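Worksheet: the structure to be examined is printed underneath.
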Amino acid sequence: MYSFFVFHKGDIMLERRPDGTYTIPSGEDPPTEIQPHTNIINVTAPTFPNTKIRTYAIDSPVDTAPHYEMCPLRSSYYKLPYNMYVTAGKCRELLYWDESTRFCGVCGNRMKMHTEISKCCEKCGKEVWPQLATAVIVLVRRGSEMLLVHANNFRGNFYGLVAGFVETGETLEEAVQREVLEETGIRIKNIRYFSSQPWPYPCGLMVGFNAEYDSGDIRLQSTELSAGAWFGKDNLPEIPEKLSIARQLIDNFLLNLE
């Protein structure tokens, strides 16, 4: 018996139970028609132990079976058990990697699956593995206030935390300092690791930190941010959804104020 994580682009196929809850389709055979070009990937997921998992992509969304429905991966956080949601994220990352590595970057020939998480070029033997785009995110505290910003790429009016990708040759802590200074003009101190989170949109790893305000006035980098200010628990703007590490950092800050 397999659990099948089936995707059409960024949407995952869910199975709706009679009681209105959701799960992942399971069975010995795939729940949809398989095309000759379909690559079914076997997946090992520590968050979903003792379960045989397979994932694949379909060319068009399923809209004819009454017990199946397509759901954006982010929205599935609110419908699936957490371990299934995290496993779905890993599956989506593997499918993105599979789509992006069809041909060898050295000689241009086709790549073939070698293990569950590696490919090998059929001609030159070049091996590739899924690549992560590592990013840092930081909650900057100034007394009972925190620095919240609205990035230009945010959908909606919510405010989040300063974040950015780690550059080649720098540590995570150096990336935190650089991003805050570049985007807000603020200098920070006492940088402390909080936690990390896979971010499969499409292949990220978010590493969260807390830090304290040191000096400087807010001067926003307009190419990245459209707004930013200090906020306390009594004047909070709209904040990120609970699925994100940004929200975990914010909730932890607010909890420690009590």
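The values are calculated or read from the model by the stated rules, or taken from the named source; none is laboratory data. Because the structure is a prediction, the values reported are computed rather than measured. Quick reminder, even Gly has a Cβ in these numbers, built from the backbone with ideal geometry, and neighbours come from all protein chains shown. Ligands, DNA and RNA are stripped out before the accessible areas are found, and what is left, the full protein with its side chains, is counted by its heavy atoms. Shrake-Rupley method; radii C 1.70, N 1.55, O 1.52, S 1.80 Å.
Output the Kirkwood hydrodynamic radius of the chain, Cα pairs only, in Å rounded to one decimal.
Hydrodynamic radius (Kirkwood, Cα only) of the chain equals 20.5 Å.
Let's see if you can work this out: charge +1 on each Lys and Arg Cβ, -1 on each Asp and Glu Cβ, no other charges. What is the dipole magnitude of the chain about its Cα centre, in debye to the nearest 20? Can you show the working numbers first?
Details: 26 positive and 32 negative charges, 74 e Å.
So the magnitude is around 360 debye.
Can you work out D for segment 1-65 in µm² s⁻¹ from Stokes-Einstein, where Rh is the Kirkwood radius over C-alpha pairs, the temperature is 20 °C and the viscosity is 1.002 mPa s?
169
Under a 1.4 Å probe, what is the accessible area of segment 33-78 per residue, stated in Å²?
Ligands and nucleic acids excluded, the result is 62 Å² per residue.
What list of ³J(HN,Hα) values in whole Hz, one per residue of segment 158-166 in order, does the Karplus curve 6.51 cos²θ - 1.76 cosθ + 1.60 (θ = phi - 60°) give from phi, with Gly and Pro shown as x?
6, 10, x, 10, 5, 8, x, 7, 6
Check the straight Cα-Cα distances from residue 112 and name the aspartates and glutamates below 15 Å, setting aside those fewer than 8 residues away within the same chain.
Reachable aspartates and glutamates: 98, 99, 122, 127.
Using DSSP to call loops (not H, G, I, E or B), can you name the chymotrypsin sites (Phe, Trp or Tyr not before Pro) in segment 46-77 whose Cβ has at most 11 other Cβ atoms within 10 angstrom? Can you show the working numbers first?
Details: sites: 56, 68, 77; in loops: 77.
Qualifying residues, ordered by number: none.
Let a ≥ b ≥ c be the square roots of the eigenvalues of the Cα gyration tensor of segment 153-246; is it rounded (a/c under 1.5), or, if not, prolate (a/b larger than b/c) or oblate?
rounded
Distance in nm between label sites at residue 174 and residue 142, each 7 Å beyond Cα in the beta-carbon direction?
Modelled inter-label distance: 2.7 nm.
To the nearest 20 Debye, how big is the dipole of segment 65-203 about its Cα centre, given +1 on the beta carbon of each Lys and Arg and -1 on that of each Asp and Glu? Working shown, then result.
Numbers: 17 positive and 15 negative charges, 40 e Å.
The dipole of segment 65-203 has a size of about 200 debye.
At 20 °C and a viscosity of 1.002 mPa s, what translational diffusion coefficient does Stokes-Einstein give for segment 55-170, taking Rh as the Kirkwood radius over Cα pairs? Give it in µm²/s as a whole number. Walk me through the numbers on the way to the answer.
Values: Rh = 18.2 Å.
My calculation gives 117 µm²/s for D.
Output the 0 to 90 degree angle, nearest 10, between the alpha-carbon long axis of helix 245-257 and the longest principal axis computed from the alpha carbons of the chain.
Once rounded, the angle reads 40 degrees.
Give 90/119; 52/126; 90/242; 90/126 a once-over and call out the pairs whose C-alpha atoms are over 22 Å from each other.
Violating the 22 Å Cα-Cα cut-off are 52/126; 90/126.
On the accessible surface of the chain, probed at 1.4 Å, how many percent belong to carbon and sulfur atoms?
Solvent-exposed carbon and sulfur of the chain make up 49 percent of the total.
Excluding residue 37 itself, calculate the net charge of residues whose Cβ lies under 14 Å from the Cβ of residue 37, where each Lys or Arg counts +1 and each Asp or Glu counts -1.
-1
Taking the 0 to 90 degree range and rounding to the nearest ten, how far is the long axis of helix 172-184 tilted relative to the main principal axis of the chain, both from C-alpha atoms?
Taking Cα atoms only, the helix is inclined about 60 degrees.
Give me the tail of P(r) for segment 90-230 as a percent: Cα-Cα pairs with distance above 27 Å.
Here the tail beyond 27 Å accounts for 36 percent of pairs.
Cβ under 13 Å from residue 241's Cβ, residue 241 left aside: what net charge do those residues give with Lys, Arg +1 and Asp, Glu -1?
+2
So how far, in whole Å, is the C-alpha centre of segment 136-200 from the one of segment 33-54?
35
Farthest toward the dipole's positive end in segment 49-123, which of 55, 78, 115, given Cβ charges of +1 (Lys, Arg) and -1 (Asp, Glu) about the Cα centre?
Of the candidates, 115 comes out farthest on the positive side.
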